[in-house]
Amino acid sequence: MATMPDKHIDLQCVHCGHITPFIKPVPACPKCGENILRAKYDLKALRDSGWIDKVLTREPGMWRYHELLPLYNTDNIVSLGEGSTPLLHAKNLGMMLGLKNLYIKDERQGPTASFKDRQASVAISVMREQGVKEAVVASTGNVAIAYSAFAARAGIKMWSFLTSMVPGEKMREAAIYGGEVIKVTGTYDQAKIVASSFAESRGLFLDKGIKSVAAVESMKTMAFEIAQQLGWKAPDWFIQAVSGGMGPIGVAKGFEELLELGLIDKSPSIGIVQSAGCAPMVRAFKNGQRVATPVENPQTIIATLSTGNPGRAYELLYDIIGQHGGSMEDATDEEAFNATRIIAQTEGLSVEPATAVAFAGLIKLARRGIIKPNEVVVINCSGHTFPVETQILGDQYARQVDVSGLNQKVSLPEEGLLAALENMEHRIRRIVVIEDNEAAGRLIMRILQAKGKYEVHLATGGAEGVVLVERMKPDLVITDLMMPDIDGFKVIDAIKSDDRLRSIPVIVLTAKELTISERERLNGQISGLLQKGSFMDEDLLQSIVDALS
């Protein structure tokens with residue numbers, strides 16, 4: 001038996017601080033009734049024992065950190081090879097957003113293709129250790145699939161309660177592992193109520209998500225791996241799209257433990273992104289409220305993010321951001337779809353809609369300067385594209401984007417760059433790109449040259465760009481705004497003040513969120529305004545095409 005006789009785990013109440021030994025799952029604090037408890041380990045003993053050296057000699061996988069997971073006997077581990085997912089440097093997308101150190105934690109590569117494999121492995125392992133033979137879980141898809149797979153391996157019968165919004169393909173995948181799948185016509189919050197009532201009526205074990213010690217603890221392993229992959233350093237930001245919020249709560253706890261172990265020198269800021277149609281956390285955060293008002297009727301068609309009532313999880317995240325820094329942002333379904341294509345076309349990654357929401361939020365945070373150019377950013381790529389996008393989003397997956405509500409005094413034309421160039425191919429032959437980041441400029445050149453027979457010339461500074469435009473007299477100029485020598489505003493002024501050049505269309509490509517005064521300065525001077533991170537989309541407004549035709 002691979003027991004750990006010296007291992008001791010306590011449960012600490014997040015409300016009153018009361019400590020209870022972890023021998024079996026505890027439904028609530030025996031002192032105050034709080035139902036969220038945090039696992040506590042003897043970190044000093046681990047640090048003094050040279051624990052990290054042992055970790056580095058073990059086989060890859062999240063169970064290499066088993067001393068910091070709520071299991072006493074490693075013989076009870078139920079594993080399908082989860083964890084140790086790659087940390088990918090997103091150079092192309094990073095260049096577009098002006099982020100030099102953007103990394104993607106690729107959780108698509110888990111056994112069932114989502115980060116919920118970590119949760120399932122720990123949760124099912126603890127169930128095995130506790131002698132659970134039959135369990136109940138409520139899910140919007142990924143949890144049901146992961147739990148069903150690991151439960152099959154452990155010989156535990158799983159009852160999965162899913163909302164009717166979950167695509168049939170996901171229900172069938174959960175069912176193929178031999179568990180029972182119950183479709184609940186209603187919201188995810190209602191499905192949780194039905195699952196709880198069923199478990200109570202049958203006397204079955206109910207997995208409680210954020211209130212489950214095993215589930216939260218599993219997410220710490222992402223923090224451990226990220227820090228190790230960065231050379232035992234914490235990133236400046238960890239970003240994830242959330243429904244209930246358990247992932248970032250666990251990740252934040254993992255970084256806090258690494259800090260206490262002396263392996264890192266800080267905890268990262270946390271970026272939380274929600275679907276705009278179901279964003280109770282974001283709404284409360286922006287209003288400075290520690291308690292979120294539930295969304296009774298979620299409007300998002302991304303089912304995995306449709307938790308209307310975040311409960312206590314939001315309060316925990318609010319406190320985490322208050323302690324370590326961070327922000328919350330929302331993203332529409334349209335913005336998520338746009339991000340899906342951007343990620344695929346820049347980094348070669350096909351991601352699930354929930355991950356796309358995270359990237360859409362990242363784009364907003366970068367544009368607004370909340371995330372700084374030199375900061376190290378890690379984003380959770382929480383799952384792989386499952387062939388259900390047409391089921392999740394239907395015909396609305398490619399619906400028109402309405403930007404009429406931007407509430408700006410000055411309206412500038414915004415358009416997808418590739419669509420504009422494709423439609424104008426008969427006219428545009430010679431293009432000058434002015435971009436001080438040479439790698440980003442070459443990426444734009446590659447994209448343009450891949451889409452047509454264009455003669456593309458690159459200038460890596462504003463002054464060089466003006467000279468090149470004067471010499472080449474191109475059919476189109478694409479310029480960045482933020483450049484160290486002569487900025488894009490002065491470049492445009494120089495072009496428009498020259499009678500020989502003023503008729504040349506200019507498209508501005510920038511990661512900067514423009515102020516009203518900056519928009520006023522550009523009004524009437526340019527033919528298109530493109531935000532880095534969104535110009536890959538081919539279905540935006542036709543204003544550039546109209547301007548150039």
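Please treat every number below as a calculation from the coordinates, not as lab data. All of these numbers come straight from a predicted model, not from anything done at the bench. Here the Cβ is made from the backbone with ideal geometry for all residues, glycine too, and neighbour counts use every protein chain on show.
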Q. Hey, what do the phi angles of the range 223-230 turn into as Karplus ³J(HN,Hα) couplings, whole Hz, using 6.51/-1.76/1.60 and θ = phi - 60°, x for Gly and Pro?
A. 4, 4, 5, 4, 4, 5, 5, 8
Q.
When a/c reaches 1.5 or more, the comparison of a/b and b/c decides; with that in mind, is the range 196-328 rounded, prolate or oblate per its Cα gyration tensor?
A. oblate
Q: With everything on Cα atoms, drop me the angle between helix 462-472 and the longest principal axis of the chain, reported from 0 to 90° to the nearest 10.
A: 50
Q: Scan around GLY244 for amide H atoms under 5 Å from its own, H built in the peptide plane at 1.01 Å from N, and keep only partners 5 or more places away or cross-chain.
A: none
Q | Principal-axis tilt of helix 312-324 within the chain, Cα atoms, nearest 10 degrees | A | 60
Q. Residue-wise, which Karplus ³J(HN,Hα) couplings in Hz belong to the range 495-506, taking 6.51 cos²θ - 1.76 cosθ + 1.60, θ = phi - 60°, and x for glycine or proline?
A. 5, 6, 8, 9, 4, 6, 10, 4, 7, 6, x, 10
Q: Please list the non-local residues whose amide H lies under 5 Å from the amide H of MET165, H modeled 1.01 Å from N, same-chain partners needing a gap of 5 or more.
A: GLY186
Q.
Can you sort LEU99, LEU230, LEU69 from fewest to most other Cβ atoms within 10 Å of each residue's own Cβ?
A. LEU230, LEU69, LEU99
Q: Can you tell me the order of 211-217, 29-35 when each peptide is scored by its average per-residue count of other Cβ atoms within 10 angstrom, highest first?
A: 211-217, 29-35
Q.
Tell me the angle of helix 438-451 to the major Cα principal axis of the chain, expressed in degrees between 0 and 90 and rounded to the nearest ten.
A. 80
(Q) Between [x] 29.6; [y] 28.3; [z] 26.0, which entry matches mean projected area of the Cα convex hull in nm² as derived from the coordinates of this structure? (A) [z]
Q | When each of LYS183/LYS286; LYS157/LYS208; LYS208/LYS266; LYS40/LYS233; LYS91/LYS170; LYS286/LYS490 is checked by Cα-Cα distance, pairs over 25 Å | A | LYS183/LYS286; LYS208/LYS266; LYS91/LYS170; LYS286/LYS490
(Q) Need the C-alpha centroid separation for the range 468-520 versus the range 144-219, integer Å. (A) 55
Q.
Under 20 Å between alpha carbons, and skipping anything fewer than 8 positions from LYS133 in its own chain: which aspartates and glutamates qualify?
A. ASP75, ASP117, GLU180, GLU200, ASP207
Q) Hey, what do the phi angles of the range 84-95 turn into as Karplus ³J(HN,Hα) couplings, whole Hz, using 6.51/-1.76/1.60 and θ = phi - 60°, x for Gly and Pro? A) 6, 6, x, 10, 9, 7, 8, 5, 5, 5, x, 5
Q: Please work out the Cα center distance from the range 73-121 to the range 274-312, rounded to the nearest Å.
A: 25
Q: Would you mind ranking SER527, SER84 so that the residue whose beta carbon has the fewest other beta carbons within 10 Å leads the list?
A: SER84, SER527
Q) Where does each of LYS286, LYS208 land when they are ranked from fewest to most other beta-carbon atoms within 10 angstrom? A) LYS286, LYS208
Q: Calculate for the chain the 222 nm mean residue ellipticity that helices alone would give, adding -39,500 (n - 2.57) per DSSP H run of length 4 or more and normalising by residue count, nearest 500 deg cm²/dmol.
A: -11500 deg cm²/dmol
**Q.** Burial ranking of peptide ranges 365-377, 474-486 (average Cβ count within 10 Å, highest at the top)
**A.** 474-486, 365-377
Q) Which of the aspartates and glutamates could a cross-linker bridge to LYS100, judged by Cα under 16 Å and excluding same-chain residues fewer than eight apart? A) ASP236, GLU347, GLU375, GLU435, ASP436, GLU438
**Q.** Sequence-distant residues sharing a close amide H with ALA459 (under 5 Å, placed H)
**A.** VAL433, ILE434, GLU435
